[in-house]
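Shown next, in structure tokens, is the structure this report addresses.
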Amino acid sequence: MILVCLCWSITSIVSGSTNSIIVLCLMRFILGICVSATEPASYSILGDYFPKRFRTTANAFMNTASYLGAGLSSLIVLIVANYGWRVSYISVGLMGIFIAFAGFLFIKEPERGF
């Protein structure tokens, strides 16, 4: 999950830094691959971290968080309006690298099979 977040962040930074439409399209393609890996990994991690009686609640919170995140991500329009689309890609990528680093420090591989 941390590797996917890091890859996602790097593709965002490269997308904001490139002057080539081919590189931009390639980075967006790779970003899509990274995004598709996050949901199955998230459900797997929730299954490992929470006992069976709390898994439905944990899944509900995760699903709610994805909708809240999608709503809050629309605020990126403010960055685009004030600083341009390149800065928005780079800033989102840098935040993702920070989150990946925090995940590396704080997320530990849980024991399997509650």
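The values are calculated or read from the model by the stated rules, or taken from the named source; none is laboratory data. Because the structure is a prediction, the values reported are computed rather than measured. All Cβ positions, glycine included, derive from the backbone under ideal geometry; neighbour counts span all protein chains shown.
Out of the residues in the stretch 23-51 meeting the condition of being charged (D, E, K, R) and modelled with pLDDT under 90, tell me which one is farthest from the chain's Cα centre (by Cα).
Top of the filtered list is Asp48.
Looking at the structure I just gave you, is Ile79 surrounded by 14 or more Cβ atoms within 10 Å (Cβ to Cβ) and over 23 Å from Met1 (Cβ atoms)?
So Ile79 fits the description; yes.
I'd like to know if the stretch 60-80 contains one or more residues that are modelled with pLDDT under 95, touching a Cys at 6+ places or on another chain (Cβ under 6 Å) and closer than 23 Å to Glu111 by Cβ.
For the stretch 60-80, residues modelled with pLDDT under 95, touching a Cys at 6+ places or on another chain (Cβ under 6 Å) and closer than 23 Å to Glu111 by Cβ: absent.
Which numbered condition trips up Ile21, out of (1) exposed (fewer than 10 other Cβ atoms within 10 Å of the Cβ); (2) within 24 Å of Phe98 (Cβ to Cβ); (3) among the aliphatic types (A, V, I, L, M)?
In the conditions (1) exposed (fewer than 10 other Cβ atoms within 10 Å of the Cβ); (2) within 24 Å of Phe98 (Cβ to Cβ); (3) among the aliphatic types (A, V, I, L, M), Ile21 misses (2) alone.
Farther than 22 Å from Met1 by Cβ and either touching a residue at least 24 places away in the same chain (Cβ under 8 Å) or part of a helix (DSSP H, G or I) (or both): is that true of Gly103 in this structure?
no
When both residues are 6+ apart or on different chains and their Cβ atoms are under 9 Å apart, which pairs have a first residue that lies in the stretch 53-78 and is closer than 22 Å to Ile90 by Cα and in a helix (DSSP H, G or I), and a second that is charged (D, E, K, R) and at pLDDT below 90?
Close Cβ pairs (under 9 Å, with a partner that is charged (D, E, K, R) and at pLDDT below 90) amount to Ser66/Glu39.
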